[in-house]
Amino acid sequence: MAARRARPVRVLVDMDGVLADFEAGLLRGFQRRFPGEPHVPLEERRGFFAREQYRALRPDLADKVTSVYEAPGFFLDLEPIPGALEAMREMNAMQDTEVFICTSPLRKYDHCVGEKFRWVEKHLGPQFVERIILTRDKTVVLGDLLIDDKDTIQGQEETPSWEHILFTCCHNQHLALPPTRRRLLSWSDNWREIIGSKRAAVQQDPLGRGLLQE
């Protein structure tokens with residue numbers, strides 16, 4: 001009988017705000033497209049949806065900021081978050097670790113879907129294109145960890161299989177998390193320790209997602 005081994009730890013990594021610098025790209029694009037309009041500096045960003053903060057600044061600015069990230073080329077031209085590409089490659093090479101990019105498309109998806117795939121191929125290579133999960137509902141995706149900058153993730157499943165690790169971004173850095181929640185300050189932070197602690201938990205509870213592997 002073949003020896004059993006513990007199942008791998010599955011890590012789901014969000015794209016915008018975690019791998020690709022959405023916020024800096026949005027501000028840069030807004031100032032370029034609407035140079036005379038008021039804007040929200042990155043240090044003053046609050047709340048996940050930039051559109052709503054711009055609406056509060058002045059109602060007509062909501063549609064203007066939306067037009068920036070719905071424009072062709074926006075997602076493809078985003079700069080990588082510092083350290084993100086190196087962390088993904090190292091994570092992918094770890095023993096007993098599965099890494100997937102789990103990202104949500106815009107409802108107006110004309111440009112963003114294809115550009116997300118092209119961005120991944122450009123910066124991480126074709127092997128990571130095979131590991132893209134594109135979904136509007138991340139709660140239905142099986143995993144052990146979800147690294148995501150959105151502070152609250154809701155969907156069909158009330159209790160997703162993954163632990164949500166909040167990745168620090170300008171819009172969430174002011175939030176105080178409860179003791180049960182964990183945060184990554186950046187890709188220079190202790191992401192290896194987080195994966196290691198989850199691996200230990202998986203080994204202690206081998207009958208979790210996926211059971212044991214032969």
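The values are calculated or read from the model by the stated rules, or taken from the named source; none is laboratory data. Quick caveat: nothing in here was measured; it's all calculated off a predicted structure. Note: ideal-geometry Cβ built from the backbone for every residue, glycine included; neighbour counts use all protein chains shown. Heavy atoms of the whole protein, side chains included, go into the accessibility calculation; ligands, DNA and RNA do not. Shrake-Rupley method; radii C 1.70, N 1.55, O 1.52, S 1.80 Å.
Would you confirm, using the coordinates I've provided, whether Gln95 is under 24 Å from Val68 (Cβ atoms), open to solvent by 10 Å² or more (accessible area, probe 1.4 Å), polar (S, T, N, Q) and not in a helix (DSSP H, G or I)? Don't jump to the end; show me each part of the working.
On the way: under 24 Å from Val68 (Cβ atoms): no; open to solvent by 10 Å² or more (accessible area, probe 1.4 Å): yes; polar (S, T, N, Q): yes; not in a helix (DSSP H, G or I): yes.
Spelling it out, it is not the case that Gln95 is under 24 Å from Val68 (Cβ atoms), open to solvent by 10 Å² or more (accessible area, probe 1.4 Å), polar (S, T, N, Q) and not in a helix (DSSP H, G or I).
Quick check on this structure: which one of Glu43, Glu37 is farther than 14 Å from Cys169 by Cβ and charged (D, E, K, R)?
Working: Glu43 fails: farther than 14 Å from Cys169 by Cβ.
That would be Glu37, the only listed residue that is farther than 14 Å from Cys169 by Cβ and charged (D, E, K, R).
Is it the case that Leu19 is open to solvent by less than 10 Å² (accessible area, probe 1.4 Å) and either of a type in the set (A, V, I, L, M, F, W, C) or in contact with a Phe, Trp or Tyr (Cβ under 8 Å, 6 or more places away or on another chain) (or both)? Explain how you work it out, then say what you get.
Numbers: open to solvent by less than 10 Å² (accessible area, probe 1.4 Å): yes; either of a type in the set (A, V, I, L, M, F, W, C) or in contact with a Phe, Trp or Tyr (Cβ under 8 Å, 6 or more places away or on another chain) (or both): yes.
When the stated conditions are applied, Leu19 passes them.
Go through the range 98-214 and tell me which helices (runs of 4 or more DSSP H), entirely inside it, have 3 or more residues that are of a type outside the set (D, E, K, R), modelled with pLDDT of 95 or more and open to solvent by less than 40 Å² (accessible area, probe 1.4 Å).
Numbers: elements: 112-124, 126-129, 191-204.
Of the helices (runs of 4 or more DSSP H) lying wholly inside the range 98-214, those with at least 3 residues that are of a type outside the set (D, E, K, R), modelled with pLDDT of 95 or more and open to solvent by less than 40 Å² (accessible area, probe 1.4 Å) span 112-124, 191-204.
Residue check, Phe49 against (1) loosely packed, with under 15 Cβ neighbours inside 10 Å; (2) among the hydrophobic types (A, V, I, L, M, F, W, C); (3) touching a strand residue (DSSP E or B) at 6+ places or on another chain (Cβ under 6 Å), all met but one. Which one?
(3)
Are any residues in the range 1-43 closer than 25 Å to Ala84 by Cβ, of a type in the set (A, V, I, L, M, F, W, C) and not in a helix (DSSP H, G or I), and if so, which ones?
Hits for the range 1-43 are Val9, Val11, Leu12, Val13, Met15, Val18, Leu19, Ala20, Val40.
Check Ala56 against each of (1) within 30 Å of Ser197 (Cβ to Cβ); (2) exposed (fewer than 15 other Cβ atoms within 10 Å of the Cβ) and name the one condition it does not meet.
(1)
Here are some residues: Arg46, Arg51. Which one is within 20 Å of Val18 (Cα to Cα), out of contact with any Leu (no Cβ under 6 Å at 6 or more places or on another chain), part of a helix (DSSP H, G or I) and of a type outside the set (A, V, I, L, M, F, W, C)? Even if it seems obvious, please write down each step before you answer.
Working: Arg46 fails: part of a helix (DSSP H, G or I).
After applying the criteria, what remains is Arg51.
Exactly one condition in (1) crowded, with 19+ Cβ neighbours inside 10 Å; (2) over 29 Å from Ala176 (Cβ atoms) is false for Glu70; which is it?
(1)
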